[in-house]
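The values are calculated or read from the model by the stated rules, or taken from the named source; none is laboratory data. Predicted model only: the values in this text are computed from it and were never measured. Quick reminder, even Gly has a Cβ in these numbers, built from the backbone with ideal geometry, and neighbours come from all protein chains shown. The accessibility values were calculated without ligands, DNA or RNA, using every heavy atom of the protein model including side chains. Shrake-Rupley method; radii C 1.70, N 1.55, O 1.52, S 1.80 Å.
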Amino acid sequence: MQLLHILGLAAIFLGCFCVYRASPNQRWRRVPWPAAPARTAGVALLALGGWACLRAYSAVAAVFVFCTALMLFFCLIPYLGALIGLRRSDSHESR
């Protein structure tokens, strides 16, 4: 895999993560990140990821990869937060 592919997918993941953490309904921590800076950083990272996809693939493939990654990461991040919350609650119960 080329470095541009990995960097593009990492930027898309981090962009989705920033947008999710700015939500008041997020479950990673008790307090969400400040909305305006986190969403701005998320949109910038998503734009960087989209640019990397356009540089790494043809236009049609880039749109497909970008949209598929968005769907995957926006669905995966809440479940990862719930998994972390379960592990955190298990460690508190065992004490």
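Could you work out the relative contact order of the chain, using alpha carbon pairs under 8 angstrom and six or more residues apart, expressed as a whole percent? Walk me through the numbers on the way to the answer.
Values: 99 pairs, mean separation 33.1, N = 95.
Here the relative contact order equals 35 percent.
Express in nm, to one decimal, how much length is gained between Ser89 and Leu76 on full extension, taking 0.36 nm for each residue of separation and deducting their alpha carbon distance.
On the way: separation 13, 0.36 × 13 = 4.68 nm, distance 2.01 nm.
Going from the current span to full extension adds 2.7 nm.
Model label points for Leu54 and Ala10, set 7 angstrom from Cα along the Cα-to-Cβ axis, are 2.2 nm apart.
Surface composition of the chain: carbon plus sulfur atoms contribute 71% of the solvent-accessible area (1.4 Å probe, protein chains only, all chains present). Separation between the Asn25 and Thr40 pseudo-spin-labels, each 7 Å from Cα along Cα→Cβ, expressed in nm? In this crude label model, Asn25 to Thr40 measures out at 2.6 nm.
Going by average Cβ density within 10 Å per residue, which order do the peptides 10-23, 29-42, 64-77 take, highest to lowest?
Numbers: 10-23: 20.5, 29-42: 13.9, 64-77: 15.6.
Ranked by mean Cβ neighbours within 10 Å, highest first: 10-23, 64-77, 29-42.
The angle separating the long axis of helix 35-56 from the principal Cα axis of greatest extent in the chain is about 40 degrees.
Per residue, the chain exposes an accessible area of 68 Å² to a 1.4 Å probe, with every protein chain left in place.
The C-alpha atoms of the chain define a longest principal axis, and helix 3-21 lies at about 40 degrees to it.
Run the numbers for Gln2 and Thr68: contour at 0.36 nm per residue of separation, minus the present Cα-Cα distance, in nm. If you can, show how the numbers build up before the last one.
Numbers: separation 66, 0.36 × 66 = 23.76 nm, distance 1.86 nm.
That works out to 21.9 nm of additional length.
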